[in-house]
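Here is the structure we will look at.
The values are calculated or read from the model by the stated rules, or taken from the named source; none is laboratory data. Predicted model only: the values in this text are computed from it and were never measured. A quick note on method: Cβ atoms are made from the backbone with ideal geometry, for glycine too, and the neighbour counts reach across all protein chains shown.
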Amino acid sequence: MAAVFPTLMIVPTGIGCEIGGYAGDALPAARVLAAASGCLVTHPNVMNGAALYWSDERILYVEGWGLDRFAAGELALRGGRRQRVGLLLDAGIEPSLRDRHLQVADACRATLGLEIGPVVTTDVPLEVTLRQGESGVSWGSLERPDALLRAGEKLRERGASAIAVVARFPDDSGSEALQAYRHGSGVDGLAGAEAVISHLLVRHLQIPCAHAPALAPLPLDPQLDPRAAAEELAHTFLPCVLVGLSRAPDLIQSASAQPGDLLASGLGALVVPEGALGGEAVLACLERNVPVIAVTNPSVLQVSSHSMGLEGRVVAAATYAEAAGLLLAMREGVALPSLQRPLLPLDCFSSTRD
Amino acid sequence: MRIESLQLQLPLPAYQTACDWRGRILDHLRVHGEPLRWAITSVMDSPEGGSEVVIEAVMLQHEG
């Protein structure tokens, strides 16, 4: 098999993708793309299934802000280190829910052998708010970003090389939006605010960070969609975050990169949903002429290759299985048109004087 | 530091392809603060040629 073919996989957070818009339900696709490429860079929204996770040495777990900076050529990724994962808890979490999260951290130490700690609680509640953009994309905010960053600084000072942050999110036990999500037809209303929290921390500290929301348990729903089921198995969403961060690559300024670090210039391809081509990492890859595979994966957005005038610039794939086949062909140096019929005639020109 | 959401409608000229859009979008966003997270959420053909894009963004406002 040819050398690894570093590939970036993005399923944007909070846009309701049919695959990857729920509880880590793009993870099977990521596993196949990792096998085909030998090295897959992807983000927590793809990998996090609350109590469920998958650990694969070929997958680099990179939070979205760091992912954007990597795609833009500003950061490099350095794998191979076991991270010491500090736990940042929102002061707004009630004592019993806080204990549940501390027990998850203890379980990951005792059962999985992860290095976790210390634990720092914010000096005031973060006060997370949720909202939706006009497009239907989930967004959100927090009233006390200063408290988040202070707690993050304290964790880094005390030896954490990565941070799992748990913020208390507003409970919702009966809204139509939540019901639609649980039944497999809506946008994850928490995802936008989660991304804001983790983006803030990574931007400020430049170390791997990821977020798990703290929520009261929901009543049993017999009609629960399988894609949302992973979030209803346990009391917290934290295990996948601790596992993902424990092997996340370090974020290195590109100017300080060493041999073996992965830079955007080493990317072989980008795999992204066909209707979600308007994110910063995608535009940065287009700038760099990274081959783009656009997979049919409907969402609330229609920012497509057609609407962006990119029809000849991206390769279409009907499924992630097809995208994996395309990656394998690229990795092995097989020209993609050779796999299609009809095979177009060669371009022939005569050499004439101007 | 404050966090604000922003929606921006931006014309992009026909002589630029989507491969050139990122820098132009960032220049426009930075007028309103520091962009933390953003994406194009819709693209339309512009009557004057080129494209008109809608961007939804989360912006940081630094005080003092």
key: Wholly within segment A:110-153, strands (runs of 3 or more DSSP E) carrying at least 3 residues that are more than 24 Å from A:I207 (Cβ to Cβ) and under 22 Å from the mean Cα position of the chain (by Cα)   = A:128-132
query = Going through segment A:135-147 one residue at a time, which ones are in contact with a strand residue (DSSP E or B) (Cβ under 7 Å, 6 or more places away or on another chain) and more than 12 Å from B:R2 (Cα to Cα)?
reply = A:S135, A:V137, A:S138, A:W139, A:G140
task = Evaluate the following for A:A91: is it assigned to a loop (DSSP other than H, G, I, E, B) and of a type in the set (A, V, I, L, M, F, W, C)?
result = yes
request  = Please name all residue pairs, on different chains or six or more residues apart, with Cβ atoms under 8 Å, provided the first residue is in segment A:136-159 and is over 20 Å from A:P213 (Cβ atoms) and more than 9 Å from every other protein chain (Cβ to nearest Cβ) and the second residue is among the hydrophobic types (A, V, I, L, M, F, W, C) and part of a helix (DSSP H, G or I).
outcome  = A:E153/A:L205; A:R156/A:L205
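How many residues does segment B:34-51 hold that are within 15 Å of A:G309 (Cα to Cα) and surrounded by fewer than 17 Cβ atoms within 10 Å (Cβ to Cβ)?
Counting residues in segment B:34-51 that are within 15 Å of A:G309 (Cα to Cα) and surrounded by fewer than 17 Cβ atoms within 10 Å (Cβ to Cβ) gives 5.
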ask   = Applying the selection to segment B:4-46, what residues are at pLDDT 95 or above and in contact with a Pro (Cβ under 8 Å, 6 or more places away or on another chain)?
value = B:L26, B:L29, B:A39
request  = Give the residues of segment B:1-25 that are among the polar types (S, T, N, Q) and at the interface with chain A (Cβ under 8 Å from one of its Cβ atoms), sorted by residue number.
outcome  = B:S5, B:Q7, B:T17
ask   = What number of residues in segment A:1-48 are assigned to a helix (DSSP H, G or I) and touching a Pro at 6+ places or on another chain (Cβ under 9 Å)?
value = 2
inquiry  = Being more than 14 Å from chain B (Cβ to nearest Cβ), small (G, A, S) and either surrounded by fewer than 24 Cβ atoms within 10 Å (Cβ to Cβ) or not in a strand (DSSP E or B) (or both) is true for just one of A:A195, A:A210, A:A177. Which residue is that?
reply    = A:A177
inquiry  = Within segment B:53-61, does at least one residue satisfy the condition of being surrounded by fewer than 16 Cβ atoms within 10 Å (Cβ to Cβ) and either β-branched (V, I, T) or facing another protein chain (nearest Cβ under 10 Å) (or both)?
reply    = no
remark   = In segment A:131-155, anything surrounded by fewer than 18 Cβ atoms within 10 Å (Cβ to Cβ) and touching a helix residue (DSSP H, G or I) at 6+ places or on another chain (Cβ under 6 Å) is listed as A:L149
task = Mind listing whichever residues of segment A:206-223 are on the phi < 0 side of the Ramachandran plot and in contact with a Leu (Cβ under 9 Å, 6 or more places away or on another chain)?
result = A:I207, A:P208, A:C209, A:A210, A:H211, A:A212, A:P213, A:A214, A:L215, A:A216, A:L218
task = Could you tell me whether any residue of segment B:26-46 is polar (S, T, N, Q), more than 7 Å from chain A (Cβ to nearest Cβ), part of a strand (DSSP E or B) and closer than 21 Å to A:Q302 by Cβ?
result = no
task = Six or more apart or on different chains, Cβ under 8 Å: which pairs go from a residue in segment A:12-41 that's of a type in the set (S, T, Y) to one that's modelled with pLDDT under 95 and part of a loop (DSSP other than H, G, I, E, B)? Could you list them?
result = A:T13/A:D188; A:Y22/A:G184; A:Y22/A:D188; A:Y22/A:D225
